[in-house]
Amino acid sequence: VILSPMAKWCLRLGMALGLAFIYVPLAVVLVNSFNADRTFGWPPPGFTVKWWQAAWDSSGVRAALWTSVQAGLGAAAIALVLGSLVAFAVHRHRFFGRQALSLLVVLPIALPGIVTGIALDSAWRSVIAPLGLGKGLFSVIVGHATFCVVVVYNNVLARLRRTAPSLEEASADLGADTFQTFRHITFPLVRSALFAGGLLAFALSFDEIVVTTFTAGPSVQTLPIWIFNNLFRPNQAPVVNVVAAVLIVLSVIPIYLAQRLSSDSATTHR
Amino acid sequence: MVRRLAAWLHTHARVRLAALLAAPLLWLAGAYLGALAVLLVSAFWTVNTFTGELVQQPTLVNFQALLQGEVYRTVAFRTVATAAAVTIVDALIALPMAFFMAKVARPRARTWLIIAVLTPLWASYLVKAYAWRVILGGGGLADWMSAGHSPGYGLTATVLVLAYLWLPYMILPIYAGLERLPDSHLEASADLGARAARTFRSVVLPAVVPSIIAGSIFTFSLSLGDYITVQIVGGRTQLIGNLVYVNIGAANNLPFAAALATVPVVIMIGYLVAVRRSGALEEL
């Protein structure tokens, strides 16, 4: 596009300021994890690694991390099954209420988290708790899986729409039955979409705090709950900061995987 | 045996459909929608103030209290104003960034910029809100940079942090909208003698308004329901979400909380209906 040098300069400045706005807070957390000042005065008066040591030794952090991983894996597993089932049903069949079903899948993530949270909480208390199953890790997984279904559904449905039905027809013509076609043709085609959806579901669950607040029993502490509970305690601040710094560094992993995945599928499809 | 089952399934499409949908429908329509329905119904119940037990007799007192209470109107108005302010701030920051990415940056740089804009979405919500708590806190970076004139915790900080959290949701649709706008349109406008401001007003803006509305659906709805960020950087500020939370926890009044929770949902449905005419929903 032909733009005046002045206009280009302004846009470049806007981009740079925008990126600074996005990344400075994250950088501050990373620097502060080494800040010798307990209350994170700026500029840091000195640097230390003792907070990292303290975080490493914190049993609360480790337990919360493990709980979060379990919840994320459980929610992703359930979402993978339910999301794929709905995606296949919507793609392969025409039936009454098909549009409504797509809306139903989106609803748990479209409504404010607090609405989903209190709805599940009161349902659990009035229906499942009387059966003897109190709120705990399982109720957290149920809550997370409910709003994770949509990301698996979206990924799998998008992939199914892009794949040619002729592949499956060819498989059937060659004498494969429904199950063989699924195992040898359909599943390999949607595998990377399942992985992407599962990854996203895990990330959503790992980060969720609102629904967790309402579905977790008193003994269950996921990592976000742990962070939130310790956020307002001055003597825990340095440990919270190290955990935050670690989470920022770890967020590079899914980006790397997603990038690898998209470049893989880009090369196989062309 | 397996082959016979496969052959039978192949000829019975309805059975296949039922097998596919049984579990998801039981979960989403049975459990989740059921829970939502009970929540909606419970908004018409009350709580016995002495025993703390639910009184399951339909009444409109919760909604009457909502409409007549000065506090609730103030908080509802503040919440909508906050969500609107967040949306405007995001649009102002996102527009030049998206324009640069779509029209100025070279293809290689563009790929990297998209990754750079998307990356924060994978970073934890709490971590980002926490980062701002530290920056805005006394003696923090904001104080240092502004020589002691940091806004501190409060409504301004809440708008700022919510705008920070949802910024990528605004950049992406605007970028997608601008990418679809052919360069030739901008060139034609320049050839016809329009200056930059006129081209922006007559060519760029009409093309991106649906995208901005698409982005605003995210920024607006996510801000409406939020109560965590407010607790972290809002000081004593209260939004609808906080009132809902207080009524479930400390006040132990689920019916009133349910009635309150319908407010953001109703506002959001109204907003969606209003913007549907603009064609923004197809941009999602």
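Here, each number is a calculation from the coordinates, and none is a lab measurement. What you are looking at is a predicted structure, and each value in this text was computed from that prediction instead of being measured. Cβ atoms come from the backbone with ideal geometry, glycine included; neighbour counts cover every protein chain shown.
Some observations on this one:
- For B:V47, the amide hydrogen comes within under 5 Å of the amide hydrogens of B:V55, counting only partners 5 or more places away or on other chains and with H modelled in the peptide plane.
- Across every direction, the projection of the convex hull enclosing the Cα atoms of the range B:111-175 has a mean area of 5.1 nm².
- Here's the list of aspartates and glutamates a cross-link from B:K103 could span, going by alpha-carbon distance under 18 Å and ignoring same-chain residues fewer than 8 apart: B:E179, B:D183, B:E187, B:D191.
- The helix-only estimate of mean residue ellipticity at 222 nm for the protein assembly as shown, built from DSSP H runs of length n ≥ 4 each weighted as -39500 (n - 2.57), is -23500 deg cm²/dmol after division by the residue total.
- Note on B:V71/A:A16: beta-carbon distance plugged into 1/(1 + (r/R0)^6) with R0 of 45 Å gives a FRET efficiency of 0.55.
- One decimal place: the segment B:A13-B:S202 gains 62.8 nm when fully extended, by the rule 0.36 nm per residue minus the C-alpha distance.
- Debye-formula intensities of chain A, expressed as log10 I(q)/I(0) at q = 0.14 Å⁻¹, are -1.11 (one equal scatterer per alpha-carbon, no solvent).
- Kirkwood Rh in Å, taken over all unlike Cα pairs in the range B:163-229: 13.3
- Partner aspartates and glutamates whose Cα lies under 12 Å from the Cα of A:K50, excluding those fewer than 8 positions away in the same chain, are identified as A:D37.
- Label-to-label distance, B:F50 versus B:L26, with points set 7 angstrom from Cα along the beta-carbon direction: 4.5 nm.
- Alpha-carbon Debye profile of the range B:1-141, log10 I(q)/I(0) at 0.11, 0.12, 0.17, 0.18 Å⁻¹: -0.95, -0.99, -1.09, -1.14
- Considering only Cα atoms, the convex hull volume of the range A:119-186 works out to 128 Å³ per residue.
- Simple Cβ-charge dipole of the protein assembly as shown, Lys/Arg +1 and Asp/Glu -1, about Cα centre, in debye nearest 20: 800
- Placing dummy labels 7 Å off each Cα toward the beta-carbon, the span from B:A176 to A:A164 is 2.7 nm.
- Full extension of the chain segment joining A:A63 with A:Q259 gains 67.5 nm, where the gain is 0.36 nm per residue of separation less the Cα-Cα distance.
- Among A:G83, A:G117, A:G175, the largest mean-square fluctuation in a Gaussian network model of chain A, built with springs joining Cα atoms closer than 10 Å, belongs to A:G175.
- Taken over the alpha carbons of the range A:1-94 as equal point scatterers, the Debye sum produces base-10 log I(q)/I(0) values at 0.15, 0.21, 0.22 Å⁻¹ of -0.84, -1.05, -1.09.
- Dipole of chain A, positive direction: furthest Cα of A:A123, A:L13, A:P234, with charges on the beta-carbon: A:L13
- Based on Cα contacts under 8 Å between residues 6+ apart, chain A shows a relative contact order of 30 percent.
- With the convex hull of its Cα atoms as the shape, chain B has an orientation-averaged projected area of 25.0 nm².
- Per-residue Cβ neighbour rank within 10 angstrom, fewest leading, B:K103, A:K50, A:K135, A:K8: A:K50, A:K8, B:K103, A:K135
- Three-way shape call for the range B:208-259 based on the alpha-carbon gyration tensor, with the a/c threshold at 1.5: oblate
- Its residue count N fixes a reference of 2.2 N^0.38 Å for the protein assembly as shown, and the Cα radius of gyration divided by that reference is 1.04.
- Using alpha-carbon coordinates, inclination of helix A:59-92 to the longest axis of chain A, degrees: 20
- Solution diffusion estimate, µm²/s, Stokes-Einstein, the range A:36-80, Kirkwood Rh from C-alpha pairs, 20 °C, viscosity 1.002 mPa s: 163
- Stokes-Einstein diffusion of the range A:12-156 at 37 °C, 0.692 mPa s viscosity, Kirkwood radius from Cα pairs, rounded to a whole number: 169 µm²/s.
- Between the alpha-carbon centres of the range B:148-198 and the range A:166-219 there is a gap of 35 Å.
- Under the criterion of Cα pairs below 8 Å and six or more residues apart, the relative contact order for the range B:159-284 equals 28 percent.
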